[in-house]
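I have placed the structure first, in the form of structure tokens, so that the comments after it can refer back to it.
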Amino acid sequence: MLSPVVTEKSEQLVQLDAGEPAAVTQTPLFGLDAEALTARMVAAGEPAFRGKQLAEGMYRQRLTALEELTTLPKALRQRLALGGWEVGRPRIAQVFKSVDGTERYLIECRGGDAQTVEAVWMPEGDEGESGDGTEMDEAQEAGKSWTRATICVSSQVGCAVNCQFCLTAKLGLQRNLTAGEIAGQVIAILDRHAVEVGRDRVNLVFMGMGEPFLNFDNFMAAVRLLVKEAGLSPQRMTVSTSGIVPGIERFAQEPAEVRPKLAISLNAPNDEVRSELMPINRKWPIEAVMDAVRQVRLRSRERITFEYVLLGGVTDQVKHAREVARLVRRSGLPAKVNLIAWNPGPGIAYDQPQAGDVEAFRLTLLDAGIPAYLRKSRGRDIFAACGQLKRTVEG
Ligand code: SF4
């Protein structure tokens, strides 16, 4: 995806050749795919392969400064810098470490204007991918010598959806992230942990701050960058939506080679409760969401995930589990349910569910033939757990 700014800059690069003065502001190359970079290079009178070299340097070698891109001639690097270009990858500005190994990051976007977004690294994951058709078998687990982790990625600064149990909602929507800012969170974290793509098993979940389907174009452009330029598998990516029907319908049109798996943030057994907890349900009720989800052509063994936050006394009783089981069965979708015991946040008046209720809920779903898994709560002590992301600097 090319923004108008990028187009202007590419003209500046061309004009530099004609002796124009250098631009003063810096524009990130990070976020442009190989095709767009190639077009820039060709427009500037450079060979087309320079675009591929730039993409390779930024997304595979994870270089962060023009001077490190030594596959390019020094003169070209200098011209790019004088033309106002920089690599401009989002930068990890602060790290919070949990006792359980989880790390939460404040990631600085837009050249250090102090606007930060959050992402989370969970070593060994949170069991979120259990039962979705891509989990490892015992033979793969045995004797592994590679890293396994899950990265939770944000798609917006804040969120407009206003789910009543979520701390991010308190921020309201501040802005959409660009494709480079979404993909940049991932590349910066892969870099920090020296992840080797192809060997290490890292899952991405687009479940951080924001509603990805309300920033659809940038979200999908980021996925394409991560798949095509960085070499990550879309089958190890899951995007969660609160149920934005037009977004789900567009998502259903994406080709399998770049389409992540889909999770629906259900969180309630029926429309009445869901509309209370998630006001978005008044616009797109459960059946409308299910209709849209049925348009997604699933890969073999792939399942839709229904995320379900258990709120003590509100949504966590056996009668709710029975309703959820009926709802999932009626959908006719190959599906599983991920249960999340609600993580408390300041200013949110719900109760954590009792461990006994959580287990009874899970067993009720299993008895009804619905695969159900309890997602591990990771990094609660550093405000990194599900629903807690709010750029909290204490912790
Ligand atoms: S749960 Fe997700 S969609 Fe709902 S307010 Fe929080 S970030 Fe937004």
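The values are calculated or read from the model by the stated rules, or taken from the named source; none is laboratory data. Since the model is a prediction, treat every value here as computed from it, not as a measurement. Cβ: placed from backbone, ideal geometry, glycine included. Neighbour counts: every protein chain shown. Remember, those area values only see protein heavy atoms, side chains included, never the ligands or the DNA or RNA. Shrake-Rupley method; radii C 1.70, N 1.55, O 1.52, S 1.80 Å.
A crude spin-label estimate for the pair residue 288 and residue 74, with each label 7 Å from Cα along the Cβ direction, gives 6.2 nm.
Residues in the range 38-99 average 49 Å² of solvent-accessible surface per residue, probe 1.4 Å, ligands and nucleic acids excluded. A Stokes-Einstein calculation at 25 °C with viscosity 0.890 mPa s, built on the Kirkwood radius of the range 231-358 over Cα pairs, returns a diffusion coefficient of 159 µm²/s.
Amide H to amide H, with H built 1.01 Å from N, residue 204 comes under 5 Å of 151, 237, 238, counting only residues 5 or more places away or on other chains.
Taking the convex hull of the Cα atoms, report for the range 28-80 its projected area averaged over all directions, in nm². Intermediate values should be presented prior to the final figure.
Values: hull surface 12.6 nm².
The directionally averaged projection comes out at 3.1 nm².
Given the pairs 74/97; 97/228; 97/336; 261/376; 283/319, which are separated by over 28 angstrom at their Cα positions? Pairs exceeding the cut-off: 74/97; 97/228; 97/336.
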